[in-house]
Each structure stands twice: as C-alpha cells, then as structure tokens.
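The block underneath contains the structure these notes are about, expressed in structure tokens.
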Amino acid sequence: MKNTLFIILAGLLFSFSAEAQKKKVKTKEKFTVPESVNTSFKGTYSDVADSKWSKNYTGYYVADFTNATSQKQIVEYNSNGTVVKSRTYFDVNTLPEMVSTSLQARYAGVPVKELVRVEIPGVAPYYKATIENSGRKKELFISEQGIITE
C-alpha cells in the first residue's frame, strides 16, 4: 500500500515539473497608432522615414527612430498626441561641450558608457550619463548649465 501511494505521488510530482518546463508563448497585443498621435509625430519629425512603434506598460505610444542628426531617439506620446517624454541617445565619443566640461572637472579620466538627453514637459531638459568608475556603474544627472547631481 505504501509503495502504491509513493508511486502515485512521484508520478504527480513528475507531471507537475514537466508542465512547468513547457514554454508559454506570449502573443504581442495588436494596436494601431491613433491619428492624433501620428499627426503630432509627423508634425514634429516630418523628415523621419522609418519609425518603429510600440505601446509601453503605461499605455503610451512609443516611437523609436533615428532623427535628422543621426541619433537614436525615443519619444512617448499619450493617446491625445501630447509628448510625454523624449530621449535622445548621444555617441559617447561626441559629448556635448557642456557635458564634457562638467565631467572633466569632476570625474577626470572616467569613461562615459552612455549619454541620454531627457526632455519631459514641465521639467528642464537634462542629460543622464552612465559612467564606470573602478568597476562600479554610476548614473549622473547633468543640467543644461552643467550642474551634476548623483
């Protein structure tokens, strides 16, 4: 009797672990970009030919594209076509002068791994720099005036 019960429990255990190993595939939610969002995007970035659209977890429509100055840019819109956030990625070899001067004054010789200019309506534009100092990554926020905040 004990052996039979043990065999049944072992069989159940193996069937549960086999179920856990099955790959569950998530299907991407289909969406269309509202006309208000598309009009707003085309009005601001009329020279962009190829943009990829997605929808983030907050429900904003996200355009990912290369802008006129050959920089990667990501812009988020709400459903009314209003810009919520814009991020422009800079090549670390061509830092803007203000950012370069501020970083050299405070972090001389520390390499910049990533530099992003963030624009949010109602907030002064700023730069977000990721540096690596002694094997540790650190994010710095740099204002348009060159003031660094850690």
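The values are calculated or read from the model by the stated rules, or taken from the named source; none is laboratory data. Computed from a prediction, not measured in an experiment: that's the story for all the values here. With ideal geometry, Cβ positions are generated from the backbone for all residues, glycine too; neighbour counts draw on all protein chains shown. SASA here: full protein model, heavy atoms, side chains in, ligands and nucleic acids out. Shrake-Rupley method; radii C 1.70, N 1.55, O 1.52, S 1.80 Å.
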**OP:** Using label points projected 7 Å from each Cα along Cα→Cβ, tell me how many nm separate Glu119 and Asp50, to one decimal.
**Re:** 2.4 nm
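Would you mind computing Rg(Cα) / (2.2 N^0.38 Å) for segment 28-138, counting N as its residues?
On the way: Rg = 16.4 Å, N = 111, 2.2 N^0.38 = 13.2 Å.
Here the Cα radius of gyration is 1.25 times the empirical estimate.
I'd like to check one number: the per residue accessible area of segment 45-150, probe 1.4 Å, reported in Å² as a whole number. Can you show the working numbers first?
Values: 6320 Å² over 106 residues.
Per residue, segment 45-150 has an accessible area of 60 Å².
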Original post:
Among Lys72/Lys113; Lys52/Lys113; Lys42/Lys113; Lys113/Lys138, which pairs are too far apart, with a Cα-Cα distance over 20 Å?
Top reply: Lys52/Lys113; Lys42/Lys113
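Once you have a ≥ b ≥ c as the square roots of the Cα gyration tensor eigenvalues for segment 42-95, tell me rounded if a/c is under 1.5, and otherwise prolate or oblate according to whether a/b is larger than b/c.
Working: a/c = 2.23, a/b = 1.57, b/c = 1.42.
Because a/c hits 1.5 or more and a/b exceeds b/c, segment 42-95 counts as prolate.
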